[in-house]
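Take a look at the structure below.
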């Protein structure tokens, strides 16, 4: 799966990498300065040396955390993609189980996504009354009375195996 960066993410990455390069340049300059003073070390050279070591540690920790965040974001994006795919598959299975026509499936999907009746009618190039009739048929076939209950059925199916707080995980046969 190709990772697509939003402009904001891309500018943050560029900003971070620019700051990291600046830190490395400063580290190099400070190191050269310390090396030039090593022939006659004094307290100032010691402080500069400790500062450079602190900067090295800071750079190492920053890069480690940066790589950790990149890997975490990739993992979360994969998991979100899998969850989205599972939800989509579960919806299609429900639509098939309920015996929805292709048009009703389209309307049900748009309804679950939150589009209004008029928005659905515009996208499908049909009348509002047609969409309302399709919604009524969908609700009847799904055994619900409105959009909120339809969404509730979808969510309930998706989280059926998740135990309630304070309960242990129970098998789906109960």
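None of the figures in this text is laboratory data; all of them are computed from the coordinates on show. Everything numeric here is computed off the predicted structure, so don't read it as measured data. Cβ sites come from the backbone with ideal geometry, for glycine too, and all protein chains shown count toward neighbours.
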For the range 128-151, check the following and say yes or no: at least one residue is surrounded by 10 or more Cβ atoms within 10 Å (Cβ to Cβ) and under 18 Å from residue 84 (Cα atoms).
yes
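Residue-by-condition table, conditions (1) surrounded by fewer than 11 Cβ atoms within 10 Å (Cβ to Cβ); (2) touching a helix residue (DSSP H, G or I) at 6+ places or on another chain (Cβ under 8 Å); (3) in a helix (DSSP H, G or I):
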{"position": "36", "(1), (2), (3)": "yes, no, yes"}
{"position": "39", "(1), (2), (3)": "yes, no, no"}
{"position": "45", "(1), (2), (3)": "no, yes, yes"}
{"position": "61", "(1), (2), (3)": "yes, no, yes"}
{"position": "81", "(1), (2), (3)": "no, no, yes"}
Just wondering, is there one or more residues in the range 84-106 that are under 30 Å from residue 14 (Cα atoms) and surrounded by 10 or more Cβ atoms within 10 Å (Cβ to Cβ)?
yes
Taking the stated definitions as given, is residue 120 touching a helix residue (DSSP H, G or I) at 6+ places or on another chain (Cβ under 6 Å), crowded, with 17+ Cβ neighbours inside 10 Å, assigned to a helix (DSSP H, G or I) and without any contact (Cβ under 8 Å) to a residue 24 or more places away in the chain?
yes
So residue 14, is it surrounded by 10 or more Cβ atoms within 10 Å (Cβ to Cβ), over 30 Å from residue 82 (Cβ atoms) and out of contact with any strand residue (DSSP E or B) (no Cβ under 6 Å at 6 or more places or on another chain)
no
Filter the range 131-166 down to residues that are assigned to a loop (DSSP other than H, G, I, E, B) and within 13 Å of residue 94 (Cβ to Cβ), then give me how many there are.
3
Give just the number: which of (1) within 31 Å of the chain's Cα centre (by Cα); (2) surrounded by 14 or more Cβ atoms within 10 Å (Cβ to Cβ) does residue 49 not satisfy?
(1)
